1. Keeping all protein chains in place, calculate the accessible area per residue for region 232-334 (probe 1.4 angstrom), answer in Å².
2. Using Cα pairs under 8 angstrom and six or more residues apart, how large is the relative contact order of region 293-342, in percent?
3. Calculate the dipole size of region 130-210 relative to its Cα centre from +1 charges on Lys and Arg beta carbons and -1 charges on Asp and Glu beta carbons; express the result in debye to the nearest 20.
4. Could you state the accessible area per residue of region 116-206 in Å², with a 1.4 Å probe and every protein chain left in place?
5. Would you mind putting 153-166, 207-220 in packing order, based on average other-beta-carbon counts within 10 Å, highest first?
6. Once amide H atoms are placed 1.01 Å from N in the peptide plane, what residues at a sequence separation of 5 or more from residue 132, or on another chain, have their amide H within under 5 Å of its amide H?
7. Cα convex hull of region 158-278: how many Å³ per residue?
8. Mind ordering 48-57, 305-314 by average Cβ neighbours within 10 Å, highest first?
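The values are calculated or read from the model by the stated rules, or taken from the named source; none is laboratory data. The shown structure was predicted, so the numbers you read here are calculated from the model rather than taken from an experiment. All Cβ positions, even for glycine, are placed from backbone atoms using ideal geometry, and neighbour counts span all protein chains on display. Heavy atoms of the whole protein, side chains included, go into the accessibility calculation; ligands, DNA and RNA do not. Shrake-Rupley method; radii C 1.70, N 1.55, O 1.52, S 1.80 Å.
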Amino acid sequence: MTLFPSRIGQSRVAMPNPSAPDEERIVDDASGWFARLHADDATPADWRAFHAWHDSDPRHAAAWSEIEAIFAASGAVAMEPRIAGMTPRAPRPGLRPARWAMAAAILLMVGARVGPDIWIDLRADYRTGGQERHQQVLADGSRVELNVDSALEIAGSATERRVRLLRGEAFFEIVPDADRPFVVETAYGAVRVTGTAFAVRLLPEGAKVTVAQGTVEVLPGRSDGEGVGQGDEGAVVLRAGQSVRTQAMATGPVETVDVASLLAWRGGRIVFRQRPLGQVLAELERYRPGMILLLDDTLAQRPVTGAFDIENTDRALSALAAVMKLEIRRFSPLVTVISARS
């Protein structure tokens, strides 16, 4: 699992801000190294570079020891042996408590995102990180496009077309074959088609299926959470321009939706029409490293209409700040705090 894109740790270390006070730069660099070394694509070269940085200045070692201590105290996840093996040194004076508090928040966020996703990534045949999308042609000629932070497992055989969406969101363009239906499984049910174009997105409370072309059959999952629809009981047929949410043993009402807006991510954009700001920020957070914290519950309900480039979420946040009179504070590349402008 890529908790943070690899360039985060690298950029924070390779290109420090020379104008920043030494204490802030050292904390930022230590936080960047922590993120980089916890990424699944960390390399031996990264570790050699980290040790060179760590040993080049006693203040670097002190900062790293402090981060280790915060991480261990949080109890969020177990320390990795290669990190825990570092020899701790007493922290030097002069590193401001506020900076360590922010480092603690970053580490807690890391811990919250480690866990079941590791096993998902081990199962997945195709997966994307936090800021990448991927297109793949399957063995039968069908195409799948994975959105950010998504994972797909090939579950079929030579005689069966079947995949499992383990995390995130995917758009499918299925080659027609009346004799071999194509099945997409999720933890909340299954989608069965013979040839069409549709998207499946996993949500915390279920899965959402949206049809762009043709028709699909949505089957609710089993109560054991395995997600494989059994028979036709409870099946719902969706047509182009329709969407439905499904949970284990239940399928919600069919809705008519704006497919172009829901699937705008395929073109690198996200579109909102009168959506609450809290939901808009949650969507933007999917396309950037770290997290966005909104400090005002009242602001979370204010409606937003607009289209934003998912490749430049900083620009999207700046546009929202200008229009809605928001204050944006970036404490690190991983933590963005938004509040009403005073």
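1. 53 Å²
2. Here the relative contact order equals 42 percent.
3. 100 debye
4. Roughly 44 Å² per residue, with all protein chains present.
5. Listed from highest to lowest mean packing, they are 207-220, 153-166.
6. Hits under the 5 Å cutoff: 149.
7. In region 158-278, the Cα hull volume divided by residue count equals 118 Å³.
8. Result, highest mean first: 305-314, 48-57.
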